Structures are given as C-alpha cells and as structure tokens.
1. Going by amide H atoms built from the backbone, whose H comes under 5 Å of the H on K14, apart from near neighbours?
2. Which whole-Hz ³J(HN,Hα) couplings does region 12-19 yield from phi under the Karplus relation 6.51 cos²θ - 1.76 cosθ + 1.60, θ = phi - 60°, glycine and proline marked x?
3. Could you give the C-alpha radius of gyration of the chain expressed as a fraction of 2.2 N^0.38 Å, taking N as the number of residues it contains?
4. Charges on Cβ only, +1 for Lys and Arg, -1 for Asp and Glu, centred on the Cα centroid of the chain; of F3, A65, L46, which one is farthest towards the dipole's positive end?
5. Taking amide H atoms as placed 1.01 Å from N in the peptide plane, list the residues 5 or more away in sequence, or in a different chain, whose amide H sits under 5 Å from that of A43.
6. Using the Karplus equation 6.51 cos²θ - 1.76 cosθ + 1.60 (θ = phi - 60°), what ³J(HN,Hα) coupling, rounded to whole Hz, does each residue of region 40-46 give in order, writing x for Gly and Pro?
Amino acid sequence: MNFSFPVFLDLEGKRVLVAGGGFMAEEKVAKLLEAGARVVVQATELTPALQDLARRRVIEHRPAA
C-alpha cells in the first residue's frame, strides 16, 4: 500500500541533504533552491547541471564513500 504524507516545511536557510546526483536529484535540488534551502548533494557522480551548480558554489557536493 502506497501512502503519501504531505509535509510543509520552512526550508529558508536550512541545510538539506540530497542523496544521489542523477536527473531526479536535479529536480529535487531545483525545488529546494527555490525554497531557499542550502543544498548538499552526496553522490559519486553529478549530472552536468549539478556539476555546474557545485562549481558556482550554489550547492555543496560531497562524494559518496
């Protein structure tokens, strides 16, 4: 049984971890940045768009162990 639990959070200035650096992560990161979050992406590899954000210091990239 699938169940979605709606949550509303004020993420302005909050640090948020995104696990994975693929295309789904791109969508999540975009929405988190819109919400004002400070995004940390932990992944072995990043998509070109996420690499660009990390290079411009918009997000923080932590390589996966």
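1. Correct list: R38.
2. The phi angles translate into 3, x, 8, 7, 10, 9, 10, 8 Hz.
3. Relative to the rule-of-thumb radius for its length, the chain sits at 1.15.
4. Most positive-ward Cα: A65.
5. G20, R62, A64
6. So the J values, rounded to whole Hz, are 10, 10, 10, 6, 5, 10, 10.
Every number in this text was worked out from the coordinates using simple rules, so none of it is lab data. For clarity, every value in this text was computed on a predicted model and none was experimentally measured. Note: ideal-geometry Cβ built from the backbone for every residue, glycine included; neighbour counts use all protein chains shown.
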